[in-house]
Amino acid sequence: QQQVKQSPQSLIVQKGGISIINCAYENTAFDYFPWYQQFPGKGPALLIAIRPDVSEKKEGRFTISFNKSAKQFSLHIMDSQPGDSATYFCAASRNRDDKIIFGKGTRLHILP
Amino acid sequence: EAGVAQSPRYKIIEKRQSVAFWCNPISGHATLYWYQQILGQGPKLLIQFQNNGVVDDSQLPKDRFSAERLKGVDSTLKIQPAKLEDSAVYLCASSFALGETQYFGPGTRLLVL
């Protein structure tokens with residue numbers, strides 16, 4: 001059973017556009033939702049994270065939107081740049097100490 | 001600050017052979033994690049150490065996988081015997097403490113033929 005469902009599988013966006021990646025979860029015990037960025041040949045790196053007590057968190061061009069009632073959260077990348085081309089993973093855990101459950105990833109390509 | 005180091009970077013073996021991966025975490029990081037990342041999927045936690053003790057190994061296939069972190073620093077992950085479905089990238093990560101940000105190494109890409 002996949003606990004974190006991520007879509008789309010791949011995404012192509014024009015430079016300067018907005019990239020949107022969506023995730024849904026089932027376990028209401030999850031209370032920590034990080035996003036990771038992975039470049040080819042590298043390990044994932046934490047990008048931004050949110051807890052369900054807030055509906056939005058913004059760091060630079062990256063924003064997480066969180067809808068607790070719908071059990072959904074999304075990553076928005078504003079003014080997308082070719083350097084943002086990577087695979088993005090949403091994830092969830094029951095608390096920061098618990099193991100992290102990753103989605104299947106979204107391969108993002110920004111056209112120059 | 002040096003990142004998480006892993007070796008080898010690539011390994012090709014035949015099924016039923018054994019293989020070992022090595023990880024050197026960031027200096028001072030007490031928590032160490034091994035993940036398996038199958039192509040097209042997100043990383044899956046195999047085992048988590050706090051210093052040299054195991055915190056969580058619930059998803060480690062213990063009939064063929066083993067891991068150790070004897071002195072609370074470096075760690076090795078072993079597969080014996082390997083199966084075709086073990087082909088994946090094996091990622092090591094470390095964090096200063098439990099629940100803190102995990103920093104990932106570049107991974108070891110394993111191909112089992």
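The values are calculated or read from the model by the stated rules, or taken from the named source; none is laboratory data. These numbers were taken from a predicted model, which means no experiment stands behind them. Don't worry about glycine lacking a Cβ; one is built from the backbone with ideal geometry, like all the others, and counts go over all protein chains shown. The accessibility values were calculated without ligands, DNA or RNA, using every heavy atom of the protein model including side chains. Shrake-Rupley method; radii C 1.70, N 1.55, O 1.52, S 1.80 Å.
Is it fair to say B:R69 is among the basic types (K, R) and surrounded by 18 or more Cβ atoms within 10 Å (Cβ to Cβ)?
yes
So, in the range B:15-55, how many residues would count as being in contact with a helix residue (DSSP H, G or I) (Cβ under 8 Å, 6 or more places away or on another chain) and modelled with pLDDT under 95?
0
Exactly one of these conditions fails for B:C92: (1) open to solvent by 10 Å² or more (accessible area, probe 1.4 Å); (2) within 14 Å of another protein chain (Cβ to nearest Cβ). Give me its number.
Unmet condition: (1).
Any idea which of A:Q38, A:Q72 is at pLDDT 95 or above, open to solvent by less than 40 Å² (accessible area, probe 1.4 Å) and either out of contact with any Asp or Glu (no Cβ under 9 Å at 6 or more places or on another chain) or not hydrophobic (A, V, I, L, M, F, W, C) (or both)?
Within the list A:Q38, A:Q72, the selection yields A:Q38.
Taking the residues in the range A:33-55 that are more than 16 Å from B:Q41 (Cβ to Cβ) and small (G, A, S) as candidates, determine which candidate is farthest from the other protein chains (Cβ to nearest Cβ).
Checking each candidate, the answer is A:S55.
State yes or no: is B:L32 open to solvent by less than 20 Å² (accessible area, probe 1.4 Å), within 27 Å of A:S7 (Cα to Cα) and not basic (K, R)?
no
Just one of A:P112, A:P82 is open to solvent by 50 Å² or more (accessible area, probe 1.4 Å), over 20 Å from B:Q41 (Cα atoms) and touching a helix residue (DSSP H, G or I) at 6+ places or on another chain (Cβ under 7 Å); which is it?
On the way: A:P82 fails: touching a helix residue (DSSP H, G or I) at 6+ places or on another chain (Cβ under 7 Å).
Being open to solvent by 50 Å² or more (accessible area, probe 1.4 Å), over 20 Å from B:Q41 (Cα atoms) and touching a helix residue (DSSP H, G or I) at 6+ places or on another chain (Cβ under 7 Å) holds for just one of A:P112, A:P82, which is A:P112.
Given (1) farther than 20 Å from B:P8 by Cβ; (2) within 12 Å of another protein chain (Cβ to nearest Cβ); (3) in contact (Cβ under 8 Å) with a residue 24 or more places away in the chain; (4) in contact with a Phe, Trp or Tyr (Cβ under 8 Å, 6 or more places away or on another chain), where does B:E100 come up short, assuming only one miss?
The one condition B:E100 does not meet is (4).
Inside the range A:72-102, can you point out the residues that are facing chain B (nearest Cβ under 9 Å), within 19 Å of A:K57 (Cβ to Cβ) and not in a strand (DSSP E or B)?
The answer is A:N95, A:R96, A:I100.
Tell me, which strands (runs of 3 or more DSSP E) wholly within the range B:1-59 include 3 or more residues that are within 14 Å of chain A (Cβ to nearest Cβ) and on the phi > 0 side of the Ramachandran plot? Lay out the reasoning, then the answer.
On the way: elements: B:5-7, B:10-13, B:19-24, B:31-37, B:44-50, B:53-56.
Qualifying strands (runs of 3 or more DSSP E): none found.
From A:Q38, A:Q3, A:Q9, which residue is under 16 Å from the mean Cα position of the chain (by Cα), of a type in the set (S, T, N, Q) and closer than 30 Å to B:S7 by Cβ?
Checking each option against the conditions leaves just A:Q38.
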